[in-house]
There are 2 protein chains.
Amino acid sequence: MADDKKMVEAITSMQEDFAQWYTDIVIKAELIDYSSVKGCMVIKPAGYAIWELIQKQLDERFKATGVENVYMPMFIPESLLEREKDHVEGFAPEVAWVTHGGLEPLEERLCVRPTSETLFCDLYRNIVHSYRDLPKVYNQWCSVVRWEKTTRPFLRSREFLWQEGHTAHATAEEAEARTEQMLNLYADFCEQVLAMPVVRGRKTDKEKFAGAEATYTIEALMHDGKALQSGTSHNFGDGFAKAFDIQYTDKDNKLHHVYQTSWGMTTRLIGAIIMVHGDDSGLKLPPMVAPVQTVIIPIMQNKEGVLDKANEIKEKLIAAGVRVKLDDTDKRPGFKFSEQEMRGFPTRIEIGPKDIEAGTCVVVRRDTREKIVVAIDEVAVKLPEILADIQKSMLETAREHRDAHTYSAVTYDEFVDTINNKPGFVKAMWCGDVACENKIKEDTTATSRCMPFAQEKLSDKCICCGKPAKSMVYWGKAY
Amino acid sequence: MADDKKMVEAITSMQEDFAQWYTDIVIKAELIDYSSVKGCMVIKPAGYAIWELIQKQLDERFKATGVENVYMPMFIPESLLEREKDHVEGFAPEVAWVTHGGLEPLEERLCVRPTSETLFCDLYRNIVHSYRDLPKVYNQWCSVVRWEKTTRPFLRSREFLWQEGHTAHATAEEAEARTEQMLNLYADFCEQVLAMPVVRGRKTDKEKFAGAEATYTIEALMHDGKALQSGTSHNFGDGFAKAFDIQYTDKDNKLHHVYQTSWGMTTRLIGAIIMVHGDDSGLKLPPMVAPVQTVIIPIMQNKEGVLDKANEIKEKLIAAGVRVKLDDTDKRPGFKFSEQEMRGFPTRIEIGPKDIEAGTCVVVRRDTREKIVVAIDEVAVKLPEILADIQKSMLETAREHRDAHTYSAVTYDEFVDTINNKPGFVKAMWCGDVACENKIKEDTTATSRCMPFAQEKLSDKCICCGKPAKSMVYWGKAY
């Protein structure tokens, strides 16, 4: 038992130190490694395989809505970045600058893209001429760089992987519809694939993207009660089009500026999966993004017939489309159990001589630890059902946790007391004035997460200044 | 007809100016666009979709051999790049340097990765301790930067997309086996998926990768008789392991250095597809990497029933797994034909009132222009057969062209005459001395492409100096 214990003891408990618990999982489940490049991480096979599954399923959903993938240069000339005033102010302080190519200094500095609005605008100016060229619904999968001061694996690093969609439309209505469509696509993806409930809403002007008219966001609640912005979708109106001179000739033969949007999700989602679902035994992966959905662990594997039967089960499951691994290494079963739990694989299958005699195997769920005896003949049918049930049940559990940690406040005292003492979202009314947002942040460190699409009227007055309220806001302390 | 003609006339003929023909296709088939970043290109949807198909099929072949995908930082600290002497000499003159992060100068310059050997070594030093940790067979899909002076779309650009595999092994034999395995995987992929025959061989010391003990290569012949290096696989021996101090404890409890390999293929393959298969009507895509395998073009589409039947065919083909597009725009059929040929889609299906009456449609092959009458009821069976035949026949055609442009020479005069007047490969014997390689390059601009695995003995003497020959070499003028 010594080894098994050692493996589990090495994770700090969530209660004791949530940040350390997170770091322990990220390292022990071998999702990342630190690198010699400060603030950048190596995404190891176990981490990258999750990203591949996210990418594949998200990309399929994109393409079903008409998205086309492209690849843009990773560099942006300084003069191009400066074309849109708000945008450059938002990003210039945190970009990495290339000043030399080979042995020669460059004539103009290039930044490594922090996001690619400016490059897409440059492209659209060249290729959009007529209403027949619209809409353009392009996306790219790439890495971006933001020179952050403090970094944490997946949540905030100087380089991260993401997708960025950039679209151009003939009308403001069409751009608004695409902005909302992609936000809803993100929210559905989080709920259906990552088993992660999110609040859909609009960012306040203070929190919106640099250069956007409106930013929509999905906000998720982590296990420690902190909020995590998990995806955003921006409506730019014709602001960028005017700054970059993107015009098309309409059917009426007149020139019009296009209307644009952009939207993105990142490897931060892997951090969200850890912090929404994980526990003190390690990671807990929703089956739809689990690179391994079940590990077959033979008991007394040196006994004749055990490994044969384990392989037979493996083949049945592969044929049924299950992502399966057989662990026939010489580690002891107890160690393998701990390892499967640490790595977050949704199920394990225990199979030993007694099971074989009975014609059964034991499926153990990672989420509930329930042990289910399954006839070997039926395992290819039953396991996919169990996985579907885990997927559903993980979403329900996360939703219950989120709902149990969502509070309302109608007075400022109540608000401050709740936000400081009860980790979670606090719903409260707001007048729309940035001064109140700033005061709340100063007093509590909480920020406005979003003005949810599903508005409720908790009172008539702003929680902070008492003036007439314009909207209900979700507040929270954030990563 | 004016429009159709205009579309075709806009491509320069191959005979007249091969370089301009290439550029015309790249732009007219909408594979790329130039960008405001000098030497970098935008890969547009039609180009990126080809890359996605290459990526998917290559990645599946990788994974079947045990490759695991990871993601490494895009930056390399200067001190890390400098650890292996030959490597830094090879790459330092052509890297882009980041000197500032946000508003602050960096303490140490970072280069944007031109290739990631140094980062993988840094990782392996941290994670390889015991023989149980070996082998490591990691790969990443990413972009890299090399500050080239002259650039051409896909063939040589300052930034390009690629995959780079980096492995670590316990023994020299295992590393050598992996080096050869990946080269053969590349060659099979080129032949089976890209319909592009390649010569498999070893690079001379002059042409090998900076820091490698041996570089293996696949060399393809373009339509103009120029050679294109299409993939390489390097055996590093323990050179990098010694420079980076990567050691493991073997079963004998002693420390040993690991043996390493790396191997890569790039978006250059798209350039190869264009130059191996294209013609004066445009691009010609092998069906396995064609984003659209057939375009349905309705004739007299306003007649009742025509579009319905076209849609019926489309649905049948989707169900049969064919990548199909229905072009029901208001352009004239002749224009659509030209467009399909320009974009290189392997077939088109013409369907009009007379065909519908006869219960048939006409499949036109892009490669041979053959028209095949197919019963509509059978189209879902016949079209995949036609596509398979096109795939096979494109490889045969390319192989015939390659073989017809591969020459031998046994005297220096004959060699110089052939290499200067007959575009293609010239096989000739070589003593192994770099002085002869240099002289040949000075006299003819040709370079040694490879020492093929399939050696022939054309004579006893080096073509250049007359000393005893060590190997037969493929020579060629290259991109």
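Annotations
- Test for A:THR12: is it part of a loop (DSSP other than H, G, I, E, B), β-branched (Val, Ile, Thr), in contact (Cβ under 8 Å) with a residue 12 or more places away in the chain and farther than 29 Å from B:LYS63 by Cβ: yes
- Residues that are closer than 21 Å to B:VAL292 by Cα and buried (at least 21 other Cβ atoms within 10 Å of the Cβ), drawn from the range B:23-36: B:ILE25, B:VAL26, B:ALA29, B:LEU31, B:ILE32
- Take the conditions (1) crowded, with 21+ Cβ neighbours inside 10 Å; (2) small (Gly, Ala, Ser); (3) at the interface with another protein chain (Cβ under 8 Å from one of its Cβ atoms); A:GLY39 misses just one of them, which is (3).
- Considering only residues in the range B:37-81 that are assigned to a loop (DSSP other than H, G, I, E, B) and charged (D, E, K, R), the one that is farthest from B:GLU108 (Cα to Cα) turns out to be B:LYS44.
- The set of residues in the range A:143-185 that are among the aliphatic types (A, V, I, L, M) and either surrounded by fewer than 17 Cβ atoms within 10 Å (Cβ to Cβ) or free of Cβ contacts under 8 Å to residues at least 60 places away in the same chain (or both) comprises A:VAL144, A:VAL145, A:ALA172, A:ALA177.
- Flag if B:VAL137 is crowded, with 19+ Cβ neighbours inside 10 Å, farther than 18 Å from B:TYR259 by Cβ and at pLDDT 95 or above: no
- Among the residues making up the range A:69-81, a single one is out of contact with any helix residue (DSSP H, G or I) (no Cβ under 7 Å at 6 or more places or on another chain) and more than 10 Å from chain B (Cβ to nearest Cβ): A:GLU78.
Yes/no per residue for (1) touching a helix residue (DSSP H, G or I) at 6+ places or on another chain (Cβ under 9 Å); (2) farther than 25 Å from A:ARG323 by Cβ; (3) charged (D, E, K, R); (4) outside any loop (DSSP other than H, G, I, E, B):
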{"site": "A:TYR248", "(1), (2), (3), (4)": "yes, yes, no, yes"}
{"site": "A:LYS251", "(1), (2), (3), (4)": "yes, yes, yes, no"}
{"site": "A:SER262", "(1), (2), (3), (4)": "yes, yes, no, yes"}
{"site": "A:MET265", "(1), (2), (3), (4)": "yes, no, no, yes"}
{"site": "A:LEU269", "(1), (2), (3), (4)": "yes, no, no, yes"}
{"site": "A:VAL276", "(1), (2), (3), (4)": "yes, no, no, yes"}
{"site": "A:VAL292", "(1), (2), (3), (4)": "yes, no, no, no"}
{"site": "A:ILE297", "(1), (2), (3), (4)": "yes, no, no, yes"}
{"site": "A:LYS303", "(1), (2), (3), (4)": "yes, yes, yes, no"}
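- Residue count, the range A:115-131 (criterion: within 12 Å of another protein chain (Cβ to nearest Cβ), in a helix (DSSP H, G or I) and buried (at least 17 other Cβ atoms within 10 Å of the Cβ)): 8
- Among residues of the range B:133-145 being more than 9 Å from every other protein chain (Cβ to nearest Cβ) and out of contact with any Lys or Arg (no Cβ under 6 Å at 6 or more places or on another chain), the one that is farthest from B:ALA241 (Cα to Cα) is B:TRP141.
- Any hit, the range A:61-68, residues being within 9 Å of chain B (Cβ to nearest Cβ) and within 21 Å of B:TYR34 (Cα to Cα): yes
- The one condition in (1) over 17 Å from B:THR266 (Cβ atoms); (2) more than 8 Å from chain A (Cβ to nearest Cβ); (3) under 19 Å from the mean Cα position of the chain (by Cα); (4) crowded, with 17+ Cβ neighbours inside 10 Å that B:PRO45 fails to fulfil: (2)
- Residue that is farthest from the other protein chains (Cβ to nearest Cβ), among those in the range B:146-162 that are in a strand (DSSP E or B) and closer than 17 Å to A:VAL98 by Cβ: B:PHE160
- Count of the range B:152-187 residues, restricted to those that are within 19 Å of B:TRP51 (Cβ to Cβ) and either out of contact with any Gly (no Cβ under 9 Å at 6 or more places or on another chain) or of a type outside the set (Phe, Trp, Tyr) (or both), is 13.
- The range B:428-454: number of residues that are more than 24 Å from B:MET222 (Cβ to Cβ) and either β-branched (Val, Ile, Thr) or surrounded by 14 or more Cβ atoms within 10 Å (Cβ to Cβ) (or both): 7
- Residues that are in a helix (DSSP H, G or I), at the interface with chain B (Cβ under 8 Å from one of its Cβ atoms), hydrophobic (A, V, I, L, M, F, W, C) and in contact (Cβ under 8 Å) with a residue 24 or more places away in the chain are absent from the range A:82-92.
- Number of residues in the range A:96-109 that are within 7 Å of another protein chain (Cβ to nearest Cβ) and surrounded by 19 or more Cβ atoms within 10 Å (Cβ to Cβ) equals 4.
- Output for the range A:209-226, where each listed residue is more than 17 Å from A:ALA172 (Cβ to Cβ) and in a loop (DSSP other than H, G, I, E, B): A:PHE209, A:ALA210, A:MET222, A:HIS223, A:ASP224, A:GLY225, A:LYS226
- A:ALA177 vs. criteria more than 14 Å from chain B (Cβ to nearest Cβ) and on the phi > 0 side of the Ramachandran plot: no
- When residues in the range A:321-342 are screened for being under 18 Å from A:ILE376 (Cα atoms) and surrounded by fewer than 14 Cβ atoms within 10 Å (Cβ to Cβ), 1 of them pass.
- Qualifying residue in the range B:214-235 (condition: under 18 Å from B:LEU134 (Cα atoms) and surrounded by 24 or more Cβ atoms within 10 Å (Cβ to Cβ)): yes
The values are calculated or read from the model by the stated rules, or taken from the named source; none is laboratory data. Everything quoted here is computed from the prediction, not taken from an experiment. Ideal geometry is used to build each Cβ from the backbone, glycine not excepted, and the neighbour counts take in all protein chains shown.
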